[in-house]
Amino acid sequence: MARIAYLVSSAKEIELADGSRHPTGYFAEEAVKPYDRFVDAGAEVVVLTPDGEPPFADPYGLESFFHYPEPDQDFFASVTRTFHHDPDDIRITLHQNTELGLVAARRIAERLKARGLSPAEAHALVSKAAKIAWRQDRQLADVMVDDGLDGGLPAEEIRAAVAELDAASRQLAADRKAKLDAIPGFRQPTSLAGLSDEQLAEFDAVFAPGGHGPMVDLADNPDVGRLLTVLQHKAAPIAALCHGPALLLAAPERADGQWLFDGYRMTCFTDEEELQTEAGGLGMAWLLDAALMNAGAVFDDGPSAWASHVVVDRNLVTGQNPGSTEAVADAVITMLRSAARRAA
């Protein structure tokens with residue numbers, strides 16, 4: 001059975017550029033989904049924090065718009081693909097994704113089908129309205145009602161679909177937080193600082209979820225450096241998501257004087273994405289993608305912000321943003337299974 005070091009920040013605040021303090025921690029979605037995937041794959045998951053203190057869920061990461069149900073997200077992706085022939089030309093900002101009601105497209109389409117439209121007709125209508133809302137920075141419900149794109153659906157039903165999505169997202173956020181709170185390791189994590197190098201060598205992989213927390217207590221942590229050195233020596237999977245790759249900055253230099261991950265292709269939460277977040281809008285003291293490049297990373301970001309993007313280089317697995325969560329976890333599982341087959 002693979003043993004995974006699940007390294008979570010225990011930070012609760014981050015210092016911004018102006019010296020003020022801002023709440024932070026781990027992102028709930030990025031913590032719960034990989035944990036579940038690893039456990040379901042049969043791995044032993046050991047939750048670690050740098051100091052053994054319980055990790056803290058970033059309040060911003062518990063906002064409802066970070067917890068859209070997957071069927072709604074998948075339908076929304078099929079809608080945005082109609083905006084351009086080349087998906088690389090589609091730019092969806094966090095504002096558009098969270099504040100214009102666009103993700104309610106699936107629930108509106110279901111109501112249109114109940115009114116007699118075919119699935120293709122319903123999809124085409126909400127896609128047309130969503131494209132207008134996207135271009136003109138308007139609410140999807142307003143576009144459908146005011147521009148005559150309601151398909152015969154009363155305005156109150158359209159707005160009810162948006163409200164229904166919001167309620168479902170709030171419930172999902174609450175459920176995920178409750179699930180994390182119920183995990184013994186999140187209540188009483190193991191202290192990374194208290195583990196010897198020999199104990200660190202018993203792990204078969206490390207995974208670090210995001211949230212701004214890793215920029216506070218993982219990026220310049222000598223114990224994180226020890227863990228990375230031990231796992232890199234055995235070519236074990238080292239995986240991190242979103243702001244989680246900040247842990248790589250704790251890696252020491254090799255014998256040749258270069259950073260342990262010098263020349264590795266990797267990704268993380270980008271400057272473009274950061275500037276759209278709450279903390280980024282207030283002014284970050286430093287930016288993660290620039291720091292990784294300065295350290296020696298070959299940075300590889302996706303074609304557009306907020307889209308899933310995962311980079312695998314040798315034993316290193318990195319994901320760009322919350323949308324990359326499942327793909328990062330699956331890549332780690334694939335690597336562990338391959339290693340197990342080779343050892344058999």
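Here is how the numbers come out for the structure above:
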| item | result |
| --- | --- |
| Positions within the range 206-249 being on the phi > 0 side of the Ramachandran plot and surrounded by 24 or more Cβ atoms within 10 Å (Cβ to Cβ), in sequence order | Gly211, Cys242 |
| Flag if Phe38 is in contact (Cβ under 8 Å) with a residue 12 or more places away in the chain, under 20 Å from Gly213 (Cβ atoms), of a type in the set (Phe, Trp, Tyr) and open to solvent by 30 Å² or more (accessible area, probe 1.4 Å) | no |
| Exclusive hit being modelled with pLDDT of 95 or more, among the hydrophobic types (A, V, I, L, M, F, W, C) and exposed (fewer than 14 other Cβ atoms within 10 Å of the Cβ), set Ala11, Ala5, Ala114 | Ala114 |
| Pair list, Cβ < 7 Å and 6+ apart or interchain, from the range 260-284 residues that are among the aliphatic types (A, V, I, L, M) to residues that are assigned to a loop (DSSP other than H, G, I, E, B) and open to solvent by 20 Å² or more (accessible area, probe 1.4 Å) | Leu260/Pro252; Leu260/Arg254; Met266/Asp300; Met284/Ala17 |
| Helices (runs of 4 or more DSSP H) contained entirely in the range 174-235, each with at least 3 residues that are touching a strand residue (DSSP E or B) at 6+ places or on another chain (Cβ under 7 Å) and at pLDDT below 95 | none |
| Which listed residue is of a type outside the set (A, V, I, L, M, F, W, C) and under 12 Å from the mean Cα position of the chain (by Cα), from Pro303, Pro322, Pro252 | Pro322 |
| Residue count for the range 308-336, restricted to those that are touching a residue at least 40 places away in the same chain (Cβ under 8 Å) and farther than 15 Å from Val206 by Cβ | 11 |
| The range 145-159, residues that are on the phi < 0 side of the Ramachandran plot and in contact (Cβ under 8 Å) with a residue 12 or more places away in the chain | Val145, Asp147, Leu149, Leu153, Ala155, Glu157, Ile158, Arg159 |
| Considering residues of the range 84-107 that are assigned to a helix (DSSP H, G or I) and farther than 22 Å from Pro303 by Cα only, the residue modelled with the lowest pLDDT | Glu99 |
| When residues of the range 31-55 are limited to those that are among the small types (Gly, Ala, Ser) and in a loop (DSSP other than H, G, I, E, B), the one nearest to Leu227 (Cα to Cα) | Gly52 |
| The range 263-273, residues that are surrounded by 20 or more Cβ atoms within 10 Å (Cβ to Cβ) and not hydrophobic (A, V, I, L, M, F, W, C) | Tyr264, Thr267, Thr270, Glu273 |
| Filtered residues of the range 260-296 (kept if over 16 Å from Thr318 (Cβ atoms), among the aliphatic types (A, V, I, L, M) and over 18 Å from the mean Cα position of the chain (by Cα)) | Leu282, Met284, Ala285 |
| Of all residues in the range 129-138 being in contact with a helix residue (DSSP H, G or I) (Cβ under 9 Å, 6 or more places away or on another chain) and open to solvent by 70 Å² or more (accessible area, probe 1.4 Å), the one that is nearest to Asp166 (Cα to Cα) | Asp137 |
| Within the range 286-344, considering residues that are touching a Pro at 6+ places or on another chain (Cβ under 6 Å) and of a type in the set (S, T, N, Q), the one surrounded by the most Cβ atoms within 10 Å (Cβ to Cβ) | Thr318 |
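Okay, residues lined up against (1) free of Cβ contacts under 8 Å to residues at least 12 places away in the same chain; (2) loosely packed, with under 13 Cβ neighbours inside 10 Å; (3) closer than 30 Å to Glu44 by Cβ:
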{"site": "Ser118", "(1), (2), (3)": "yes, yes, no"}
{"site": "Leu125", "(1), (2), (3)": "no, no, no"}
{"site": "Val143", "(1), (2), (3)": "no, no, no"}
{"site": "Ala161", "(1), (2), (3)": "no, no, no"}
{"site": "Ala168", "(1), (2), (3)": "no, no, no"}
{"site": "Gln171", "(1), (2), (3)": "yes, no, no"}
{"site": "Ala201", "(1), (2), (3)": "no, no, yes"}
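Here's the yes/no breakdown for (1) closer than 29 Å to Ile183 by Cα; (2) aliphatic (A, V, I, L, M); (3) outside any loop (DSSP other than H, G, I, E, B):
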site: Ala77; (1), (2), (3): no, yes, yes
site: Thr82; (1), (2), (3): no, no, no
site: Ala109; (1), (2), (3): no, yes, yes
site: Leu112; (1), (2), (3): no, yes, yes
site: Ala124; (1), (2), (3): no, yes, yes
site: Met144; (1), (2), (3): no, yes, yes
site: Leu153; (1), (2), (3): no, yes, no
site: Ala160; (1), (2), (3): no, yes, yes
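The values are calculated or read from the model by the stated rules, or taken from the named source; none is laboratory data. The model shown is predicted, which means the values in this text are computed figures rather than measured ones. We place every Cβ from the backbone using ideal geometry, glycine too, and count neighbours over all the protein chains shown. Side chains included, ligands, DNA and RNA excluded: accessible areas come from the protein's heavy atoms. Shrake-Rupley method; radii C 1.70, N 1.55, O 1.52, S 1.80 Å.
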